[in-house]
Amino acid sequence: MTAEQAVHPSPNDSGDTDEALPGLFSRQHAAATLTFATVMFLTGFAALAVVPTLPTAAEDLDGVPLFPLVAGSFVAASLLGGVLGGHWADRSGARRPLALGMVLSVVTLLVSASSVSIWQLVVGRFVDGLAAGMVAVSVTTAIGQSYPEYLRPRMLAMMSASWIIPSLVGPPIAGVVAEAWSWRVVFYGLAALTALPAVALVAVLRRAHADDDVRADGLPPAEERASRPPLLVAALLSLGAALGQYGVSGWDVRHLLFAAAGVALLVVFAPRLLPQGTWRSARGLPTAVLLRGLTSGTYFTVEALVPLMLITERRVAAVTVGVAFTASAVLWAVASWVQGKLLQDVARHRLVTVGALVMAASVVFAVVGSFSGVSPLPAMAAMPLAAIGMGMLDPCVTVLSLSHSAPDRLGHTTSAMQTNMNLGQVVVLAFATAVLNAGLAAGASRLGGYAIAFSLLLVPTLLVAVLAVRARKDGKP
């Protein structure tokens with residue numbers, strides 16, 4: 001328990017009313033709340049504006065065949081960035097990795113904007129993934145270090161809400177700029193918009209660190225903190241993720257060899273960065289980390305394959321699919337707010353179960369929308385419905401994970417969550433893609449292949465619904 005938790009216990013433990021305790025914008029927490037919200041707004045705007053321009057950039061650089069590597073390098077680097085940021089946060093607090101991550105976010109935009117080859121763009125996306133991993137883990141760790149337990153669900157909901165405006169304006173503006181001028185202008189413009197706030201954030205974080213006469217983050221002395229991160233293991237795991245992403249982009253011998261090498265690296269090295277017992281759902285933190293991987297992998301796959309099917313097979317206009325993306329972002333934030341404000345007294349593991357069942361329903365909608373004789377509307381509804389489920393369960397999984405972690409291991413915990421989130425995205429998407437291609441190879445129609453791939457996503461969602469109870473904190477209903 002941190003010093004703050006001892007002074008401000010949760011309402012359920014103390015019997016006090018919620019109004020009697022400091023809120024997110026109280027004098028005690030206002031500076032941290034505004035800082036974290038600004039960070040998430042900037043990273044969300046950059047991420048959502050950049051992604052739609054990547055296919056255009058790859059085509060302009062004569063690198064379309066390597067586009068899977070452009071996309072996969074971001075996820076792969078996030079694994080390494082999450083491990084580095086998490087262990088660094090445990091050793092010296094979350095400020096430094098957060099500040100470096102923001103600076104790297106500016107650097108990567110400049111590297112990508114000035115690309116003269118597809119490989120430079122790959123490097124830019126890799127650095128971007130490294131920065132994103134550090135920022136995500138650092139922010140989550142800082143929330144655990146800075147807020148008492150009763151405020152964490154609300155703060156995590158605010159993090160989701162910080163993506164609403166970027167989701168509404170980021171992709172359309174990026175599309176207009178890329179079409180009217182160049183995709184490079186998008187990258188340069190985002191770098192200019194992010195540079196000044198990033199420098200200001202670094203200055204604020206350094207000043208706050210210098211003004212701390214006593215440690216308020218609950219960390220023990222340096223000699224008692226976590227050892228140096230297993231960077232070699234994290235690097236090999238990132239390599240495995242990149243090889244796997246590249247390997248599933250084709251079905252010739254070369255691609256299969258890359259995929260096999262990626263799987264081997266993941267199987268050997270992933271357990272070293274996760275809590276013992278994660279893959280067998282041991283009670284407590286291991287199950288919470290497992291849930292993060294299963295849910296993130298399922299949602300990422302729905303978000304990737306459903307639009308692809310709608311545009312290429314059902315001939316739905318891209319702008320219409322874009323509306324589904326926007327609705328998903330808004331509904332995620334709304335569901336996150338509901339679980340943090342209106343359902344704050346409900347046990348977190350029960351909300352995880354409800355969210356998982358909502359995601360299972362979204363998978364059923366995707367399957368139904370894959371049939372040629374059915375309107376594509378059910379498939380379009382699958383995306384926002386899945387976002388509702390994620391908005392409800394994702395903050396709860398984070399809260400459960402933090403509740404199982406000692407103050408000096410918050411960075412390690414958030415690093416493990418980030419690692420398994422990225423692993424889930426790589427593995428579930430790769431598996432669904434492999435099933436889709438295998439169905440096509442066996443003579444199934446393309447829509448039939450999508451229906452089979454979507455059907456298999458019921459397995460991880462139902463597993464989450466069943467296993468959620470194993471992630472609850474001891475002594476709580």
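What the table below lists for this structure:
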read-out	value
Residue satisfying condition, being modelled with pLDDT of 80 or more and in contact with a Leu (Cβ under 9 Å, 6 or more places away or on another chain), within set Val123, Val127, Val139	Val127
Test: residue in segment 142-154 that is assigned to a helix (DSSP H, G or I), of a type in the set (A, V, I, L, M) and open to solvent by 20 Å² or more (accessible area, probe 1.4 Å)	no
Subset tally (residues that are under 23 Å from the mean Cα position of the chain (by Cα) and surrounded by 24 or more Cβ atoms within 10 Å (Cβ to Cβ)) for segment 352-375	7
Per-region count, segment 76-108, residues in a helix (DSSP H, G or I) and open to solvent by less than 10 Å² (accessible area, probe 1.4 Å)	16
Enumeration of residues in segment 272-281 that are open to solvent by 20 Å² or more (accessible area, probe 1.4 Å) and over 23 Å from Val75 (Cβ atoms)	Gln276, Arg280
Qualifying residues in segment 317-349 (those that are in a loop (DSSP other than H, G, I, E, B) and modelled with pLDDT of 80 or more) - the one most open to solvent (accessible area, probe 1.4 Å)	Asp345
Residue count, segment 110-141 (criterion: open to solvent by 10 Å² or more (accessible area, probe 1.4 Å) and within 21 Å of the chain's Cα centre (by Cα))	10
Among the candidates Ala360, Ala381, residue that is among the small types (Gly, Ala, Ser), more than 16 Å from Leu331 (Cβ to Cβ) and assigned to a helix (DSSP H, G or I)	Ala360
Qualifying residue in segment 311-318 (condition: among the aliphatic types (A, V, I, L, M), over 19 Å from the mean Cα position of the chain (by Cα) and farther than 18 Å from Arg446 by Cβ)	yes
Filter result (open to solvent by 30 Å² or more (accessible area, probe 1.4 Å) and either of a type in the set (Val, Ile, Thr) or in contact with a helix residue (DSSP H, G or I) (Cβ under 7 Å, 6 or more places away or on another chain) (or both)) within segment 257-271	Phe258, Ala261, Val263, Leu265, Val267, Val268, Phe269
Subset of segment 174-215 that is open to solvent by 50 Å² or more (accessible area, probe 1.4 Å) and within 13 Å of Thr53 (Cβ to Cβ) - its residue that is modelled with the lowest pLDDT	Glu179
Output for segment 102-119, where each listed residue is touching a Phe, Trp or Tyr at 6+ places or on another chain (Cβ under 6 Å) and of a type in the set (S, T, N, Q)	Ser112
Some residue of segment 428-443 being modelled with pLDDT of 85 or more and on the phi < 0 side of the Ramachandran plot	yes
Residue in segment 406-419 that is in contact with a Gly (Cβ under 7 Å, 6 or more places away or on another chain), assigned to a helix (DSSP H, G or I), open to solvent by less than 40 Å² (accessible area, probe 1.4 Å) and among the small types (Gly, Ala, Ser) present	yes
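The values are calculated or read from the model by the stated rules, or taken from the named source; none is laboratory data. Since the structure is predicted, the reported quantities are computational estimates derived from the model, not experimental observations. We place every Cβ from the backbone using ideal geometry, glycine too, and count neighbours over all the protein chains shown. The protein model used for the area step is the full one, side chains on, heavy atoms only, and it has no ligands, DNA or RNA in it. Shrake-Rupley method; radii C 1.70, N 1.55, O 1.52, S 1.80 Å.
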